[in-house]
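*Asks:* Have a look at this one before I ask anything.
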2 protein chains.
Amino acid sequence: MSRRVREGARAARVERVRARMGELGVDALLLSLGADLPWLTGYEAMPLERLTMLVLPSDARPTLVVPRLEAPRVEHDEELFALLPWDETDDPVRLVADLVGSRASLSVSDRTWATFVLDLQDSLPAARFSVASRVTAPLRAVKDDEEVAALRRAAAAADRVATQLVSGDIALVGRTEADVSRDIGRRLVAEGHQRVNFAIVGSGPNSASPHHGAGGRVIAAGEPVVCDFGGTFDSYCSDITRTVFTGAPPPEYRDLYSVLEAAQAAAVDAATVGTPCEDVDAVARRLIDDGGYGPHFIHRTGHGIGLEEHEDPYLVGGNCEPLAPGHAFSVEPGIYLEGRWGARLEDIVVATAAGPEAINGVDHGLAVVEA
Amino acid sequence: MSRRVREGARAARVERVRARMGELGVDALLLSLGADLPWLTGYEAMPLERLTMLVLPSDARPTLVVPRLEAPRVEHDEELFALLPWDETDDPVRLVADLVGSRASLSVSDRTWATFVLDLQDSLPAARFSVASRVTAPLRAVKDDEEVAALRRAAAAADRVATQLVSGDIALVGRTEADVSRDIGRRLVAEGHQRVNFAIVGSGPNSASPHHGAGGRVIAAGEPVVCDFGGTFDSYCSDITRTVFTGAPPPEYRDLYSVLEAAQAAAVDAATVGTPCEDVDAVARRLIDDGGYGPHFIHRTGHGIGLEEHEDPYLVGGNCEPLAPGHAFSVEPGIYLEGRWGARLEDIVVATAAGPEAINGVDHGLAVVEA
């Protein structure tokens, strides 16, 4: 995409954001950490103690308040926003408050640090604060064609690594989880990711810990290894999980995995436009219940994905929002027998008018690698 | 350190935190993202949309509210805190509010996401919120012997990479900044870091951008390259900057660098126990002013370092706190001629009763590598 096209897309996003601010009565958006800022401006704030914040009033031109030493990083279009660099002895919260003025309803990036939220509240005692996601999340959740194409490229790169995993090209037995995790990370970069976001490797009993931190455990023969990994590829995230078994899996593990595989496939099929998010979760949960593993599926079925690893829509009980064309999300049920073993299977899926489309393509069967 | 010793150290920290909460009238500490939580418990919250929060009342046992799927990650000592896992359809903010009860003065981790701060304020309308750093920062800023030893190990690992850089072992000319940045990152890991936090590579005119994001520019002969990098090594951070020139530097660059080198050395020497932080900054600034580059030193002289890359004490105008034994911080003046070139020189320094001690040991002279 040319710079001009990109800037046009961003200007159109700003207009949609302003329209929604009008509907919700939000007077100014205050954007700091997280993906709202790069989604609108192409610039990502550094996650440090110096405040970066875009002040986007409903009725005036936006201004990016940025540390002077980071101002040279900002490639910016004067028409989209003004730049206000601050010096080390300035008070950036004061600068933001001055730009806000008497506007009363303010929506601040969900990931803004508490220290800045509390300082802003002190500086603007009459203002009411809410989170920016109430403005931006429904807009960001619907991906346009360019964004779906970017998610596909990220998924394809993750698929290449997952294929290396399930085909046995990534050695497992005799290596530590942490070593395999680093290896997967290197391969994500080699396949085109700019950044590795995570590479969970849970082996043996650790496969029952959904967010296990890959550690010093040496992977042995005859056990499952859950690998859940993803990175950022041209700003968009990948996320895939495959479970492999080192050697011939015993019947009881095969049974567990077949229940999981059926549940994941059914949940993907259920993710049609118009279906409430929680219904997709319920489909996976029912099949796992019916298979006898209900209490061992201890997390939601999925999360939206885009510029952020986790974003709207969430496939979880209580979320009755219907799926819309362009929604992109993970479908990743898991079964975890504490102290024993576990399994998870995950693809990224895009809801389209023609039905749900999984954009990961690696085989779903239990991968058996040589011990 | 054995687990028992580590847990003893953590229990002692909790006692010091409670004493300071008493002095400041803080009724409960609410710890989420950032280093306060691992400093006290050994557990680091995942930076995701599911809330992890330790509720540490001044008058009761602490409780860690944690997503159920992450509970197996928590290695915890029942004597230090209780564990309260929450399910996907629970409201974790409600659980925290219930644990807080009628306590009124609450200090929340500086990096807690805005979304949780605002929800907590809604759930606890009578409470007053402040940042946890007012309790923890002065305590964390003073490193004990174990912590200084950990910082030394991290610094030594970063030094090995910096030595490879200044000796010309890391090829520069003909490579992109991004490629060199990835190379430095790989070397930080090879030298023992678990995580790369950043690897700034700014070449030619980009060397004038202090926080330049390493990009597609190909490094040429006859130009400066500012490399500022660090990672996490057994939980503690490294951070070092060296500037190299690809070929023979012209006299005007030699002049700029010699002013910088003298300013950095003088600032290190000035960092004695009892000296106000801003005075160390002023020493570097005066020498750079005297050298004729005053307006081109556009950031503070340094930041504290420990479990976080940037923490108290900050060496910046306006911070009149005196240095104390065990304070660890960067001393990193820079000179940046916009559009032309720049330079920065950085070591980590520990304030001790015997004087300031730089824990990085790589030569300070302008490194000239073959073009």
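The values are calculated or read from the model by the stated rules, or taken from the named source; none is laboratory data. It should be emphasised that the depicted structure is a prediction, and the values quoted were computed from it without experimental measurement. Counting neighbours? That spans all protein chains shown, and the Cβs are built from the backbone with ideal geometry, glycine included.
*Asks:* Pull up region A:69-89, narrow it to residues that are surrounded by fewer than 16 Cβ atoms within 10 Å (Cβ to Cβ) and among the acidic types (Asp, Glu), then point me to the one that is farthest from the other protein chains (Cβ to nearest Cβ).
*Replies:* Across region A:69-89, the extreme among qualifying residues is A:Glu79.
*Asks:* Just give me the residues in region B:188-202 being surrounded by fewer than 23 Cβ atoms within 10 Å (Cβ to Cβ) and not in a loop (DSSP other than H, G, I, E, B), in sequence order.
*Replies:* B:Val189, B:Ala190, B:Arg195, B:Val196, B:Asn197, B:Phe198, B:Ile200
*Asks:* Just for region B:225-282: of the residues that are in contact with a Cys (Cβ under 8 Å, 6 or more places away or on another chain) and of a type in the set (D, E, K, R), which one is farthest from B:Leu337 (Cα to Cα)?
*Replies:* Selected residue: B:Glu278.
*Asks:* Moving on. Scan region B:88-114 for residues that are within 18 Å of B:Gly34 (Cα to Cα) and among the small types (Gly, Ala, Ser) and jot them down.
*Replies:* B:Ser107, B:Ser109, B:Ala114
*Asks:* Quick one: which strands (runs of 3 or more DSSP E) lie wholly within region A:315-371 and hold at least 1 residues that are within 14 Å of chain B (Cβ to nearest Cβ) and at pLDDT 95 or above?
*Replies:* A:328-331, A:334-337, A:341-344
*Asks:* Okay, next question. From the list A:Val93, A:Val161, pick out the single residue that is under 14 Å from A:Val55 (Cα atoms), more than 10 Å from chain B (Cβ to nearest Cβ) and buried (at least 19 other Cβ atoms within 10 Å of the Cβ).
*Replies:* Within the list A:Val93, A:Val161, the selection yields A:Val93.
*Asks:* Is it the case, given these coordinates, that A:Val280 is among the β-branched types (Val, Ile, Thr), crowded, with 22+ Cβ neighbours inside 10 Å, over 18 Å from A:Thr241 (Cα atoms) and modelled with pLDDT of 95 or more?
*Replies:* It is true that A:Val280 is among the β-branched types (Val, Ile, Thr), crowded, with 22+ Cβ neighbours inside 10 Å, over 18 Å from A:Thr241 (Cα atoms) and modelled with pLDDT of 95 or more.
*Asks:* Are there any pairs, at least 6 apart or on different chains, whose C-beta atoms fall under 7 Å, with the first in region A:298-322 and closer than 15 Å to A:Ala267 by Cβ and the second of a type in the set (Lys, Arg) and assigned to a loop (DSSP other than H, G, I, E, B), and if so, which?
*Replies:* The qualifying pairs are A:Tyr314/A:Arg300; A:Leu315/A:Arg300; A:Val316/A:Arg300.
*Asks:* While we're looking at this one, here's another question. Test of understanding: among B:Ala97, B:Ala141, B:Ala114, which residue is modelled with pLDDT of 95 or more and either outside the structural domain of B:Leu56 (by TED's automatic domain parsing) or more than 25 Å from A:Arg128 (Cβ to Cβ) (or both)?
*Replies:* Unique residue meeting the criteria: B:Ala141.
*Asks:* Within region A:289-302, which residues are more than 25 Å from the chain's Cα centre (by Cα) and in a helix (DSSP H, G or I)?
*Replies:* A:Asp289, A:Asp290, A:Gly294, A:Pro295
*Asks:* Now for a separate question. Of the conditions (1) at negative phi; (2) at the interface with chain B (Cβ under 10 Å from one of its Cβ atoms), A:Pro57 satisfies every one except a single condition; which number is it?
*Replies:* Failing condition for A:Pro57: (2).
*Asks:* Next question. Yes or no: A:Gly274 touching a strand residue (DSSP E or B) at 6+ places or on another chain (Cβ under 9 Å), in contact (Cβ under 8 Å) with a residue 40 or more places away in the chain and on the phi > 0 side of the Ramachandran plot?
*Replies:* yes
*Asks:* Could you check B:Val66 against (1) within 12 Å of another protein chain (Cβ to nearest Cβ); (2) β-branched (Val, Ile, Thr); (3) in a helix (DSSP H, G or I) and say which number it fails?
*Replies:* (3)
*Asks:* Just name the residue that is farthest from the other protein chains (Cβ to nearest Cβ) out of those in region B:108-151 that are in a strand (DSSP E or B) and not small (Gly, Ala, Ser).
*Replies:* B:Val142
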